[in-house]
Amino acid sequence: MQSQLLTNALPAPVTPSSAAAEGPQQTSSQPAPAAESPSLPDDPSQQILPLARTEPPPPTGVPVHWEALQQTHIGDVSTLTGEVVLYYKNYVLHADKIVYHHSTSTVEAEGHLQLLGGPNDAVFTASHGEMQLQDNTATFYDVTGSFGVRRMGKTMIYSTPDPFLFTGRVLLQTGEGAYRIVDGSMTACRLPKPDWQMISRSIDVVNQKATTHNSFFEFWKVPLFYLPFVQRNLDETGRESGFLLPGGENSSVKGLVLGDEVYWAINRSMDLTVGAQYWSKRGYAPSGDFRYRGAGLDAVTVRWNALLDRGIEEVLAGATTPTLVNQGGADILAYGRKYFGPENRLAGSVEYLSSYIYRLAFDENLAQATSSEVQSDAAFTHAHNGFVPSVTLERFQSFAGTSSTNGAPVVSVPEARILHLPSVRFDVVDQPLPVVAIAGSPVYWGLGTSIGDLDRAEPHFHARDVGRLDVYPHIEWPIHLGDWRFLPQFALRATEYSGSQIPDLTGANFNGVPYVQHNALSRTDLEASVDIRPPALERDFTLGSHRELRHVIEPEIFYRYVTGIHNEQDTLQFDMTDIATNTNEAGYSLTQRFYLRNTTAKPCETEPESSQNPQIPDSANSIPAKEDAPNLDPLGRDVSVAQTLTQNAAGSTQSCTPPAREWASWQVEQKFFIDPTFGGALIPNRRNVFDATLDLTGVAFLTSPRNVAPLISRLRFDAIPNLRVEWDFDYDPKAGRMGANNLFAGYSWGRTTVGLGHALLNAADESGSSASVIQSKIVQPFVYFGKPSQVGLSVAMNASYDFTHDTLQYGGVEAVYNWNCCGLEAGYRRFELGSLRDEGELLWGFTLSSIGTAGNIHHSTSVFPTPAALNLMY
């Protein structure tokens, strides 16, 4: 059943020349054109009463409709002139003149011909052409066009990351989505003056691929080389298997470097890159990268690199002749996640490093090259209503270099290795106790339990297959008395070990290494704490006539008591669970916040409804974006949508008061230890790390009994637009020095960003069986002008200077100049990491849009920061 259309009952007006009628739009689905609609009556009360008439069935043919300034109809031929627009399926055809044959569905167009739409998001311009709509075939002449460009309103956007642009003497459409370009060119640059193009007699576009044979590559109108076969992928992923552009470099450590990689687009969700380089001074260096993106958030990435080193000759301590030293190795990293429904997840990160010397000597990133730690973990988690059972596998490894007397590391050995194989946990997220409330406030409870098989190995120390069971129930009771807030907490902890240790207090066993014993150990403690939040103090200040400053002081007082642990020195240490000690401590925290608000009302900015929950598509799925948390002002009011609304004099325009922003913040915190020996767990003149000290600062400071902890300061300053300052320092009043002093300052204006990073460390360490101090002071200045993806000139300079050893660890400079769709990069980097690595390296790169980059500049070697870090600076 189908409802009947209502058509106008009035007859069409008679015109002197019905064969040359004019009208804004004509619709055709049959050989004879329909009559024109009459003009509307002048008097709105004169209504035209519609009559129901049966709609005749549409004849065979292709439905089209058009708009034109002038139309003439003779037989089954319609001639349209003057700004003609013809609509057919998802195509839109513009021309000065169109002749349409109704019986054959043939379109003849000429004059400013433009065709938009189709399955490839095509945009064609031509001098003239002919289309057979029923057969999906066409011929266009003197064509310039593109695939992958879509019109959104009045804006043209790319529907693929790699648009395909072409020119041709003739364009033949041989079917739906199938084309052949005769005597033409293809490029990814803006026309009509592309930086590069491929010229060919014939280019076939079929099944989202552009293929050509016997073409010539032309750069800046200069033919450079002959290409027997070229194929480009035109789908939305823009991926195509094949060899990548080769790269090369000259390094003082690696020598002349030559190599290439091959890329394999396995399917829509997986790809693989495998390659190798030849280092003239060292040997072959294979590498690879595998990526998988599945449904939802499922993903797996595997990266590896290695060096088959033939060695380097060094003169070792006590020797007169050089010795061949092998610095090769392998570094393999795999990480990913897999969701089995909304409550079950498998996630992990696994890394294997065969030699720390290999990383230190050849890693391209300074932070990774100087990191001697390798950590791996994998966990399967089930979360349901706050109950979270999980199974975890963990491996931690720290390397140390064995050095000769001349300071040159010749071999790397594991310094420490800790294994959790496996660890089974059952945790309960804090939730109200059923039918338990005191003074109207609910009492919350939580639980943390674990059982696992642990292993720790160090030089002269190995604790094998140690079983550990840990049960940690706790309760808390939030109390609100006016503006005062109290949070008392109570906990009971019981831990059982199948092994233990005996501390070496004299230093007789390899300078203080403890003895491992297989005697079981039990540990039980009671814990009580209270956190007090007094009312915040506030005061408002008026700055000029349009700004207000609010100063807020947020105090906090806390107290913690733990008792029952009397065998801490005998406890084997694997993680944070094992460094619990008795403690009787109190402390305070004082946070000052400054909020600035402009009181001048501005027009309200409202987001369109469609943008409230945007859908972000990826190569496999469309992932809904997470909803933002409410935006609260200093008074706790929601200002995420609109603030105070006021009407103007006319009462028609709404205005909003801008929300307050945090201008600056400064937090000061300190602890006082009523029990300076932590129940006897502290070993004098040793480096002691307890959970009572780690929750205050990550800098080790406890080498003797003390009542006062370091003073912690955290300052954030964002008062001046485009200026960001962060200053964190830990001051130790007992030692009379800074334990840590870290400063970061960055300022941006226009395309320029300048900044400075400073890091100072004075931490407790051990030299043999005695406490010592490890010191470090590094300054890192940087200057960035522009971004490497912007058109024009961009320059980056950064460095890292070590004042402790009075040496420049790293320095780099890089310049990028981008044209329309090509770019040239050049730079220089230098590493100086002791006697092991003193390397200078020239950087270069040449990029062609949609083809790739030749050279040795990539994310790990670029002097520019990552795009995410660079965006944060602006």
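The values are calculated or read from the model by the stated rules, or taken from the named source; none is laboratory data. Small disclaimer: the values here were computed from a predicted structure and weren't measured. Keep in mind that these areas ignore ligands, DNA and RNA; they rest on the heavy atoms of the full protein, side chains included. Shrake-Rupley method; radii C 1.70, N 1.55, O 1.52, S 1.80 Å.
Taken over the alpha carbons of segment 731-815 as equal point scatterers, the Debye sum produces base-10 log I(q)/I(0) values at 0.13 Å⁻¹ of -0.58.
With one equal scatterer per alpha carbon and no solvent term, the Debye-computed log10 I(q)/I(0) for segment 265-333 at 0.17, 0.23, 0.26 1/Å reads -0.72, -0.96, -1.06. The mean of 1/r over all pairs of different alpha-carbon atoms in segment 212-318, once inverted, gives a Kirkwood hydrodynamic radius of 17.3 Å.
With equal scatterers on the alpha carbons only and no solvent term, can you work out the Debye log10 of I(q)/I(0) for segment 483-536 at 0.14, 0.15 1/Å? Normalising to I(0) and taking log10 leaves -0.63, -0.66. Cross-link reach is defined here as a Cα-Cα straight distance under 18 Å, omitting same-chain residues fewer than 8 places apart; for LYS734 the aspartates and glutamates meeting it are GLU585, GLU669, ASP675, ASP765. Each residue of segment 157-218 gets 95 Å³ once the volume of the Cα convex hull is shared out per residue.
Quick one: in segment 652-757, what % of C-alpha pairs are over 21 Å apart? Value for segment 652-757: 53 percent of Cα pairs lie more than 21 Å apart.
Mind pulling the per residue volume of the convex hull built on the Cα atoms of segment 750-874? Å³ is fine.
Numbers: hull volume 16.5 nm³, N = 125.
Cα-based convex hull of segment 750-874, divided per residue, equals 132 Å³.
For a straight C-alpha distance cut-off of 29 angstrom, the lysines reachable from LYS281 (same-chain residues fewer than eight places away being disregarded) are LYS254. Listed by chain and number, the aspartates and glutamates whose alpha-carbon sits under 13 Å from that of LYS777, ignoring those within fewer than 8 places in the same chain, are ASP802, ASP806.
Of all the accessible heavy-atom surface of segment 190-234, with the other protein chains kept in place and a 1.4 Å probe, what percent is carbon and sulfur? Before the final figure, lay out each step's value.
On the way: 1690 of 2770 Å².
In segment 190-234, the share of accessible area belonging to carbon and sulfur is 61 percent.
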